[in-house]
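The values are calculated or read from the model by the stated rules, or taken from the named source; none is laboratory data. Model, not experiment: these values are computed from the prediction. Cβ placement follows ideal geometry from the backbone for every residue including glycine, while neighbour counts extend to all protein chains displayed.
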Amino acid sequence: MANLIVASLVGLQSRWRERQIGKRRLSRPLLLAALAVAALVATPLAYLLLRAATAPAETWARLLQTRLLGLLTNTLALMAAVTLGTVVLGVALAWLVERTDLPGRPVWRWLLAVPLAMPAFIGAVVHVALLRPRGGIVPRFLAETLGVDWQGPSPFGFWGAAFMLTLFMYPYVYLLSAAAFRNLHASLEEAARSLGRNAWQTLWTVTLPVLRPGLAAGALLVALDVLAEYGTVALLRYETFSAAIFLQLSGRYDRSAAAILSGGLVVIALAVLAIELWLQGRARAEQVGGHWRPAPPQPLRAWRWPAFALVAAVSLATVFVPVTVLAAWTVQGLRDGPTLAELDRAAGRGLGHYLFNSLWSAGLAAGLAVALSVPVAYLAVRYPRWTSRGLSHLCQVGYALPGVVVALSLILLTNTALPALRGLPLVVVLAYVVRHMPQAVRSSQAALAQLAPSLEEAGRSLGRDSLNVLLTVTVPLIFPGLLAGAALVFLTSLKELPATLLLRPAGFDTLAVRVWLAANDGLYPQAAPAALLLTLCAAVPLAFLLRRGRI
Amino acid sequence: MAPRHPATDECMPALELLDITKQYAPGAARAVDAVSLAVQKGEILSLLGPSGCGKTSTLRLIAGFERPDAGVIRLNGQTVTGPGHWVPPERRGIGMVFQDYALFPHLTVRQNVGFGLQGRAAARIQDTVAHLLELLGLRGLAERYPHELSGGERQRVALARALAPEPVLILLDEPFSSLDADRRAAVREQVRATLRSLGATALFVTHDQEEALFLGDRLAILHQGRLQQIDTPEAIFHSPATRFVAEFLGHTDFLPGEVTADGILTEIGLIPQRVALPIGAPVELAMRADDVTLEPARGGARALVLARHFKGAQNVYRVRLPSGRLLHSLQPHTLNLRSGTPVRVWAAAGHPLACFHDGQRVPAAEL
Amino acid sequence: MPALKPFILKLTLVAGLLAACAPTAPTAPPEPGAAPAGDLVLYSGRSEALIQPVIDQFQALYPDINVALKAGSNSELAAALLEERANPQADLFLTTELMTVQKMANEGVFQPYQPGTPDAVPADYHHPDWLWTGLTLRARVLIYNTQLVTPAAAPQSVLDLTKPEWRGQLAAAGSTNGGFQAHVAALRQLIGDAATTAWLTGLSANEVQFFGGHTDVRKAVGAGEFQVGLVNHYYYHLQKAEGSPVAVVYPDQGEGQMGVVVNATGIGVIAGARHAAAAGLFIDYLLSPEGQQLFAELNYEYPVRPGVPLHPEVQPLTGLRLAAFDVVAAADSLESTLDLLETLGIP
């Protein structure tokens, strides 16, 4: 997701790569390792599709008649709305922060990325509690203190879901466009001005088209995320494929209907992913030449404070309000006797325990994903040809596997092939690895692409074999890049909900699951401490990634 | 510079700068310091100076990408920048070739060249683009994207794009600096031919004096934001206005001396040249290799040959004077001295040497 | 599979029985020294908030046993149990209605366990071979917001919910909720498939808001977001305890009406469970007067064990018209009920 930037870096750094296509022989152990990783990632998907294809005809018929069309419309509509919303909001915010004289730019640059540390469903919990008609905190406050009967827009349904997901997914597009705006050669825009286009025309005819490949890739990844989203849509009562699959899994004994729906979802997602990978390939040749010079900020003049208000409103809605409300609930929970008892119990065996579960499962997933990504990335970067690229693309199907689908495929797989895994938290870790492998692969590829192959060749010429060189030269040199990949996997695994919810063995709850369960029961003061803790934990890798400029 | 001509259209300069000053931050040095100059129609002016001298800033001020703190810029007599006047860059009619070419990566060569022609008839755009592509030898590349071009091709596309709207003035910002050395000469030649054949008025920024001499009808030399000298290349070469100009043009050693009644007394003897300075004033003389001669010394001399650079018909000797100062001397190839040979050195210019006091040229004294 | 003798839940009779019985002597306190140790894995269709306090009490008695809880919907956990038959992960399965445990018994998921005090469970509330046993009873009632609905205007029958006057004003738990599933299965017996389908269609047409669980329903009604909700009776008491202006209707009490639908929660020991002994202790504790008292006190439920006093605020089932339906038949029709809900698009 966030290593879109990384992906475009791969493109920029690839000049030397293309010269050596076909000149090096594939290393066999490396190829075997990469094949094994690809198999690990692709098997659940293959098995799932098999199950969908072999599902009973009557199940297919029932779903086709009743569910598929509605779900498809719902899902695609939400995907389109959120994608559009995030692109508009993300690009606008990035432009304001990077290219204008907006007051407080250094602060906004960071604050606008902070929503990445909070799972969207937590934001949704807060907004629902605040805004729900009649029962919401805001309408009730207005009615009780001011006597105003204000119902406001309902946070539920299509518009609520579109709004909420836009608010919490825009940072992907924002960070991507901000980096693109920063890297944009000022001379391009000046050239357009000198050729007779005014500032507005220049934005539309030059700036945005130049940013387009990266933006499109970002938009498509948002689209994939919308497909995968479960918690938010379920909470906001809008039924998409993911929510329907979850419903199937929790409402029915028979898995074949869930497998069919998952198949449909994966087909949509694969189509989106294919476009994204294609764009990523094309984006590589953009912006030739060096002599980068920052563009002078555009004076906003009269729009300065309205723009400030917009940026402040976004930050208010995505950071300040959720954190304040969560903090207030936490305090309320600590003051209330029964809730305190509940929290106390949770603290004895719970909150710390859940934190520990979250940290070790996400941490193990991050380490595993990055370690497994190295052979795949190494092959794709150092031996570029269709086999290695194909493997690398195969490892990125995780993007197209929403959490519920990963969960379902692992449930099916552990039933038939790997019963020993069942009941172990390792299944959850495995789901994280499969789902977040793409981020690790892309990060590792970006890190490798920046390492001149001559360093490895020097190692080989000094009498070390390729494995030895990989371990003693390559890995230490790309370690910071690998760490960034690990941070990314850690961050996203920490926030993962649906797969954890479905796969967790008894007694293994993570913070995200605790927040979800408590919030689902409407026990906000109990959900809040875990939500705050989760957000704090996610903020650490996020800060690391932001500092590296890698996100 | 001369004040503005009370203009007939004929002699009205295409570009005129009056006391243009730009300071990027309060307290910072002035990037452009009261620069005044004029470019006549059809003229190519080279703006030359080391990096950081303010030449690119000057260019950006002319293009309208920056606003000066003071001064006036006129294009064809019309004020585009000045107190109460501001014409945005897109309405100035100035073409610009950027150092990095700034070709739009999402557009083909044809679309790049036609970019500035929006609003004109399609047929006319097509003709103009075709003509320019032909002129610059880019005909076969029209449908390529910038990343599919070589450096030289990109350069020519950038020029074609800047020329397409028939600008009043074309600005070129270090246009050859991104090219490999072996490509440079050919591209340069083509650019000059194109500009000449179109009778374009151009202001060309470079830090490479060879390029400046090759391309410019006149040279303007900038240093620390100040205009040092503006004149024909010959005049500047023969008569540098400041020590900086002499030094920047290169191949010049500076020999300190002291004004005496009979001339200037230096380490290599008295140079019989009178200057309008009081006796005893310290000066520096600009000495080129052809102003200095030498012969093997027979005792007593303490100058030493350090190295000989064989240049075909001639040898250039690097000589260390007793003070440690270095001088260069051009000698026929027949004179062949080893390094370490003691020599006697004297000035034999046959013309008055440029003489500087406090960095400024000192005019010869009235006799 | 042992053939299960069909039995009818003659709840009217049972309720009378419950009321008539005097409290029995408390069971002997467990001897901690004899307690087995280890992890007891409990799959619970009861939401965590409604089972955890009981687990906490159990663990206070048996500190060496650690109860690992996985709470979810009945059907989700049942599916997991079916998948895990070859390699059982759970020791106990607790549901919020009896259809699912009956189905699991049919599928061979359970092993028999007879509680230490078998007479604590009336015969109608356990499997004849003790493959499962009932724990508590809950009535399906209507909760309404008294600021929005007067007692006179409140619906008196679940069938009233399809009336147009309630359009947009109703909340219920959706198709993944065991209580709702069982209610629909019961209705199919009580009023027939056609009328049940019409009722469900009517609910959809009336824009009933289906939530994932009953807590959302009671909170929404308590807050006035919806006027009326279809819930288990204790959700009314829980909401009332939070100070909300709510009241309850035990529906369908009129002459010729079907009576209020009552579900029971059930529990069974998984065949092949690794901690069967501890599982037995847990069931015994849940059926002990202390355990039953906890359900009654904390969660306002009707204890299955005769003689355990109700929470004072809870209306006794005695004297109420209770709907009579066959759990075995309902269990057999469970899947077709789920199909029906899905076909009708109940979320």
Revision key, fill the gap. Restricting the stretch C:260-277 to residues that are small (Gly, Ala, Ser) and buried (at least 24 other Cβ atoms within 10 Å of the Cβ), the one nearest to C:ALA139 (Cα to Cα) turns out to be C:ALA264
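Looking at C:GLY345, C:GLY307, which one is in a loop (DSSP other than H, G, I, E, B), farther than 26 Å from C:GLY254 by Cβ, out of contact with any Asp or Glu (no Cβ under 7 Å at 6 or more places or on another chain) and within 14 Å of chain A (Cβ to nearest Cβ)?
C:GLY345
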Practice item. Please tell me if C:ASP216 is of a type in the set (Asp, Glu) and either part of a helix (DSSP H, G or I) or in contact with a Phe, Trp or Tyr (Cβ under 6 Å, 6 or more places away or on another chain) (or both). Key: yes
Check your understanding: Is it the case that A:ALA447 is touching a Lys or Arg at 6+ places or on another chain (Cβ under 6 Å) and crowded, with 24+ Cβ neighbours inside 10 Å?
Key -> no
Check your understanding: What residue, of B:GLY114, B:GLY137, is in a helix (DSSP H, G or I) and either in contact (Cβ under 8 Å) with a residue 24 or more places away in the chain or over 19 Å from B:LEU195 (Cα atoms) (or both)?
Key -> B:GLY114
Exercise for review: State yes or no: is B:ALA130 at pLDDT 85 or above and touching a Leu at 6+ places or on another chain (Cβ under 6 Å)?
Suggested key: no
Study note, to complete from the structure: Being touching a His at 6+ places or on another chain (Cβ under 9 Å) and either in a helix (DSSP H, G or I) or more than 30 Å from C:ASP56 (Cβ to Cβ) (or both) narrows A:ALA366, A:ALA377 down to just A:ALA366
Review point. Just checking, which of A:ALA518, A:ALA452 is under 21 Å from C:GLY212 (Cα atoms), modelled with pLDDT under 90 and over 18 Å from the mean Cα position of the chain (by Cα)?
Key: A:ALA518
Study note, to complete from the structure: Log entry, pairs with first residue in the stretch A:410-423 being within 7 Å of another protein chain (Cβ to nearest Cβ), second being assigned to a loop (DSSP other than H, G, I, E, B), beta carbons closer than 7 Å, six or more apart or on different chains, reads A:PRO419/C:ALA86; A:PRO419/C:ASN87; A:ARG422/C:GLU84; A:ARG422/C:ASN87; A:ARG422/C:GLN89; A:GLY423/A:PRO505; A:GLY423/C:GLN89
Exercise for review: Quickly run through the stretch A:56-75 and pick out the residues that are crowded, with 17+ Cβ neighbours inside 10 Å and more than 20 Å from C:LEU341 (Cα to Cα).
Suggested key: A:THR75
Point to revise | B:GLN111 under 30 Å from A:GLY214 (Cα atoms) and surrounded by 14 or more Cβ atoms within 10 Å (Cβ to Cβ) | key: yes
Review point. Residues in the stretch A:501-516: is at least one over 17 Å from A:SER361 (Cα atoms) and among the acidic types (Asp, Glu)?
Key: no
**Study point:** Counted residues, the stretch C:72-92 - those being touching a residue at least 60 places away in the same chain (Cβ under 8 Å), outside any loop (DSSP other than H, G, I, E, B) and either touching a Cys at 6+ places or on another chain (Cβ under 9 Å) or more than 8 Å from every other protein chain (Cβ to nearest Cβ) (or both)
**Key:** 3
Practice item. Check every one of the helices (runs of 4 or more DSSP H) wholly within the stretch A:168-280 and list those with 1 or more residues that are more than 30 Å from C:ALA220 (Cβ to Cβ), at pLDDT 80 or above and of a type in the set (A, V, I, L, M). Key: A:186-194, A:199-202, A:208-228
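Residue by residue, here is whether (1) surrounded by fewer than 23 Cβ atoms within 10 Å (Cβ to Cβ); (2) more than 20 Å from C:ALA279 (Cα to Cα); (3) not assigned by TED's automatic domain parsing to the domain that holds C:ALA220 holds:
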| residue | (1), (2), (3) |
| --- | --- |
| C:ALA90 | no, no, yes |
| C:GLN111 | yes, no, yes |
| C:PRO115 | yes, no, yes |
| C:ASP129 | yes, no, yes |
| C:THR133 | no, no, yes |
| C:GLN156 | yes, yes, no |
| C:THR162 | yes, yes, no |
| C:ASN177 | no, yes, no |
Point to revise | Of all residues in the stretch C:224-246 being assigned to a helix (DSSP H, G or I), surrounded by fewer than 23 Cβ atoms within 10 Å (Cβ to Cβ) and over 17 Å from the mean Cα position of the chain (by Cα), the one that is farthest from the other protein chains (Cβ to nearest Cβ) | key: C:LYS240
**Study point:** Among residues of the stretch B:74-93, those that are within 13 Å of chain A (Cβ to nearest Cβ) and part of a loop (DSSP other than H, G, I, E, B), counted
**Key:** 4
Practice item. Just need a number here: residues in the stretch C:55-71 that are closer than 23 Å to A:LEU501 by Cα and either away from chain A (no Cβ under 12 Å) or out of contact with any Leu (no Cβ under 9 Å at 6 or more places or on another chain) (or both). Key: 1
Exercise for review: Among the residues of the stretch A:171-220, write down those that are within 30 Å of A:ALA271 (Cβ to Cβ), without any contact (Cβ under 8 Å) to a residue 60 or more places away in the chain and out of contact with any helix residue (DSSP H, G or I) (no Cβ under 7 Å at 6 or more places or on another chain).
Suggested key: A:TRP204, A:PRO209, A:ARG212
Point to revise | Number of the exception - A:LEU78 against (1) surrounded by fewer than 19 Cβ atoms within 10 Å (Cβ to Cβ); (2) in contact (Cβ under 8 Å) with a residue 60 or more places away in the chain; (3) under 30 Å from A:ALA179 (Cα atoms) | key: (1)
Check your understanding: Is it the case that some residue within the stretch C:136-146 is assigned to a helix (DSSP H, G or I) and either out of contact with any Pro (no Cβ under 6 Å at 6 or more places or on another chain) or at positive phi (or both)?
Key -> no
Practice item. List the number of the failed condition for B:ARG154; all other conditions in (1) farther than 22 Å from B:ARG92 by Cβ; (2) within 14 Å of chain A (Cβ to nearest Cβ); (3) touching a Gly at 6+ places or on another chain (Cβ under 8 Å); (4) not in a helix (DSSP H, G or I) hold. Key: (4)
Point to revise | strands (runs of 3 or more DSSP E) wholly inside the stretch B:179-267 that include at least 2 residues being over 19 Å from the mean Cα position of the chain (by Cα) and either surrounded by fewer than 22 Cβ atoms within 10 Å (Cβ to Cβ) or in the same structural domain as B:ARG288 (by TED's automatic domain parsing) (or both) | key: B:252-259, B:264-266
Exercise for review: Go through B:VAL275, B:VAL319 for me and flag whichever is of a type in the set (A, V, I, L, M, F, W, C) and at pLDDT 90 or above.
Suggested key: B:VAL319
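Picking from A:ALA347, A:ALA327, which residue would you name as being modelled with pLDDT of 65 or more, away from chain B (no Cβ under 14 Å) and outside any loop (DSSP other than H, G, I, E, B)?
It is A:ALA327.
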**Study point:** C:VAL249, sole failed condition from (1) touching a strand residue (DSSP E or B) at 6+ places or on another chain (Cβ under 6 Å); (2) buried (at least 24 other Cβ atoms within 10 Å of the Cβ); (3) farther than 20 Å from C:ARG46 by Cβ; (4) among the β-branched types (Val, Ile, Thr)
**Key:** (2)
Study note, to complete from the structure: The lone condition B:LEU249 fails out of (1) at pLDDT 85 or above; (2) touching a Pro at 6+ places or on another chain (Cβ under 8 Å) is (1)
